[in-house]
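These notes are about the structure you will find just below.
The values are calculated or read from the model by the stated rules, or taken from the named source; none is laboratory data. Everything quoted here is computed from the prediction, not taken from an experiment. Virtual Cβ from ideal backbone geometry, glycine too; neighbours counted across all protein chains shown.
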Amino acid sequence: MKLAILSRAPRSYSTQRLRTAALDRGHDVKVLNTLRFGIDLSGDVPDLQFRGRTLSHYDAVLPRIGNSITYYGTAVVRQFEQMDVYTPNTSSGITNSRDKLRATQILSRHGIEMPATTFVQDRADVIPAIERVGGAPVVIKLLEGTQGIGVILAPTIKVAEAIIETLQSTRQNVLIQRFVKESKGRDIRALVVGDRVVAAMRRTAQGDEFRSNVHRGGSVERVELDEAYEQTAVRAAQIMGLKVAGVDMLEGRRGPLVMEVNSSPGLEGIETATKLDVAGAIIDYIDNQVAFPHIDVRERLSVSTGYGVAELVVNGDPDLVGKPLGESGLRERDITVLTLHRGVQVIPNPRRSQVLEDGDRLLCWGKLEEMRSMIPARPKRRSRVKRLPKNPIHED
Ligand SMILES: Nc1ncnc2c1ncn2[C@@H]1O[C@H](COP(=O)(O)OP(=O)(O)O)[C@@H](O)[C@H]1O
Ligand SMILES: [Mg+2]
């Protein structure tokens with residue numbers, strides 16, 4: 001395949017290893033500086049320029065987008081997506097994982113365990129928020145920090161308040177998070193490629209430091225992950241839309257707590273600690289997937305007027321509970337079930353014989369009007385916009 005590695009650091013360990021692994025496997029590979037692309041929307045089809053000239057054809061890109069160029073970098077990746085070039089990490093995956101609040105919001109609805117986290121704006125809400133996550137000591141995080149910078153452990157509520165106030169006065173948004181003491185300055189980095197963990201390490205913070213990042217002097221050792229950690233890491237990466245990801249987890253009392261999902265994980269620490277060819281695993285995965293460029297399913301499918309994607313919940317409905325899917329009547333109503341979600345389990349392309357249970361969530365493609373009637377307690381028609389009332393504001 002012809003592969004472009006998007007990177008501004010051609011000499012870095014990670015980029016060199018990825019390039020070497022691709023060359024060793026007989027691929028045609030180029031490292032291209034992300035900031036030298038031009039997004040060309042002037043022609044009939046979306047196009048890209050590189051260093052001022054039309055870019056030649058590539059089968060796949062591997063984005064390594066640094067935190068300082070997220071906006072431009074994701075725009076370039078998005079353009080490759082429009083051109084049907086395969087990327088293991090989508091632009092929306094990179095964007096979602098980059099912001100710690102956004103990532104936490106998305107992961108939490110899928111039942112991924114994380115340290116208790118809150119986000120508030122008003123001064124008056126800060127102390128209740130700290131108390132809600134368990135009080136001091138408490139962790140305060142900048143939304144877009146990396147390498148441990150911007151992660152602070154506040155010993156008391158007073159100090160926490162002062163830090164938050166200072167940061168907010170400089171227009172920095174912060175997360176307030178429970179300090180997971182039992183993790184004792186250690187965390188797990190799992191390197192996910194596709195649907196498996198290809199390598200994992202434990203990082204241990206130096207001395208009385210609580211942040212275990214390698215850049216903060218943390219030491220690393222290889223670990224064998226148990227099932228719960230592996231599954232959590234893979235699911236977190238999948239939910240974020242990342243096929244290559246470094247998932248950071250704390251070792252909580254009841255199992256893994258996801259802290260963040262990195263879309264451009266460094267390879268030096270993990271390859272050194274595990275002696276595994278992680279770069280090779282990434283290249284092999286891309287080679288294997290290159291025929292399946294990313295398709296925004298929702299966007300593509302909703303082009304058929306009147307049809308769309310919706311999630312139907314089996315909610316005690318006697319017509320559905322205990323019935324095989326084939327007898328649910330959905331197909332007859334022009335509704336196709338794409339996946340069935342049951343708790344944390346996912347059944348893709350469920351068969352006609354699949355028996356439905358209460359609480360199942362069905363991701364469906366079909367006639368919107370038919371599906372609307374199955375989504376309870378929503379108005380059938382879009383209501384008309386009413387006239388502004390005589391007294392638009394009630395004085396109190
Ligand atoms: N809630 C927490 N409880 C205990 N330790 C934490 C917590 N959050 C972060 N840490 C420690 O700080 C490190 C950096 O935090 P992380 O959220 O991964 O930020 P960064 O993006 O800067 O790496 C983690 O690897 C972990 O060792
Ligand atoms: Mg981290």
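What to note about this one:
- Applying the set (1) more than 16 Å from ligand 2 (Cβ to nearest atom); (2) in the same structural domain as Tyr285 (by TED's automatic domain parsing) to Arg202 leaves exactly one unmet item: (1).
Matching residues to (1) of a type in the set (Lys, Arg); (2) surrounded by fewer than 11 Cβ atoms within 10 Å (Cβ to Cβ); (3) at pLDDT 90 or above:
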site: Ser302; (1), (2), (3): no, no, no
site: Ser328; (1), (2), (3): no, no, yes
site: Val337; (1), (2), (3): no, no, yes
site: Pro348; (1), (2), (3): no, yes, yes
site: Leu363; (1), (2), (3): no, no, yes
site: Ile375; (1), (2), (3): no, no, no
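- The set of residues from the stretch 205-219 being outside any strand (DSSP E or B) and away from ligand 2 (no atom under 13 Å from the Cβ) comprises Gln206, Gly207, Asp208, Glu209, Gly217.
- Condition met for Ala245 (in contact (Cβ under 8 Å) with a residue 12 or more places away in the chain, in a strand (DSSP E or B) and touching a Phe, Trp or Tyr at 6+ places or on another chain (Cβ under 7 Å)): no
- Any strands (runs of 3 or more DSSP E) falling wholly within the stretch 20-90 and containing at least 1 residues that are touching a Pro at 6+ places or on another chain (Cβ under 9 Å): 28-32, 37-40, 60-63
- Counting only helices (runs of 4 or more DSSP H) that fall entirely inside the stretch 255-355 and contain at least 2 residues that are within 26 Å of Lys100 (Cβ to Cβ), the qualifying elements are 268-274, 278-289.
- Matching residues in the stretch 114-144 - criterion: being among the charged types (D, E, K, R) and either more than 27 Å from Asn213 (Cα to Cα) or surrounded by fewer than 18 Cβ atoms within 10 Å (Cβ to Cβ) (or both): Asp122, Arg123, Asp125, Glu131, Arg132, Glu144
- Reported count of residues in the stretch 85-124, each being farther than 19 Å from Gly194 by Cα and out of contact with any Asp or Glu (no Cβ under 8 Å at 6 or more places or on another chain), is 19.
- Within the set Glu182, Glu131, Glu113, the sole residue that is assigned to a helix (DSSP H, G or I) and within 14 Å of ligand 1 (Cβ to nearest atom) turns out to be Glu182.
- When Glu144, Glu81 are screened for being more than 10 Å from ligand 1 (Cβ to nearest atom) and touching a helix residue (DSSP H, G or I) at 6+ places or on another chain (Cβ under 8 Å), only Glu81 passes.
- Hits in the stretch 268-317 (condition: within 16 Å of ligand 1 (Cβ to nearest atom) and within 27 Å of Glu113 (Cα to Cα)): Gly269, Ile270, Ala273
- Hey, Gln147 surrounded by fewer than 16 Cβ atoms within 10 Å (Cβ to Cβ) and within 21 Å of Met249 (Cβ to Cβ) or not: yes
- Of all residues in the stretch 187-204, those being buried (at least 18 other Cβ atoms within 10 Å of the Cβ) and not in a strand (DSSP E or B) number 1.
- Within the stretch 328-346, residues that are at negative phi reach partners that are hydroxyl-bearing (Ser, Thr, Tyr) and surrounded by fewer than 16 Cβ atoms within 10 Å (Cβ to Cβ) with beta carbons closer than 7 Å, at six or more positions or on different chains, in the pairs Val346/Thr339.
- Considering the stretch 163-179, and only residues there that are β-branched (Val, Ile, Thr) and buried (at least 20 other Cβ atoms within 10 Å of the Cβ), the residue that is nearest to Met259 (Cα to Cα) turns out to be Ile176.
- Qualifying residue in the stretch 70-82 (condition: surrounded by fewer than 18 Cβ atoms within 10 Å (Cβ to Cβ), hydrophobic (A, V, I, L, M, F, W, C), without any contact (Cβ under 8 Å) to a residue 60 or more places away in the chain and outside the structural domain of Leu257 (by TED's automatic domain parsing)): yes
- Residue in the stretch 367-376 that is among the β-branched types (Val, Ile, Thr) and outside any loop (DSSP other than H, G, I, E, B) present: no
- Cross-chain or 6+ apart pairs with Cβ under 6 Å, the stretch 140-164 first and of a type in the set (Ser, Thr, Tyr), then within 12 Å of ligand 1 (Cβ to nearest atom) and outside any loop (DSSP other than H, G, I, E, B): Thr146/Asn67
- Considering only residues in the stretch 147-179 that are more than 14 Å from ligand 1 (Cβ to nearest atom) and of a type in the set (Lys, Arg), the one that is modelled with the highest pLDDT turns out to be Lys158.
- Check on Arg196, touching a Ser or Thr at 6+ places or on another chain (Cβ under 9 Å) and closer than 23 Å to Thr232 by Cα: no
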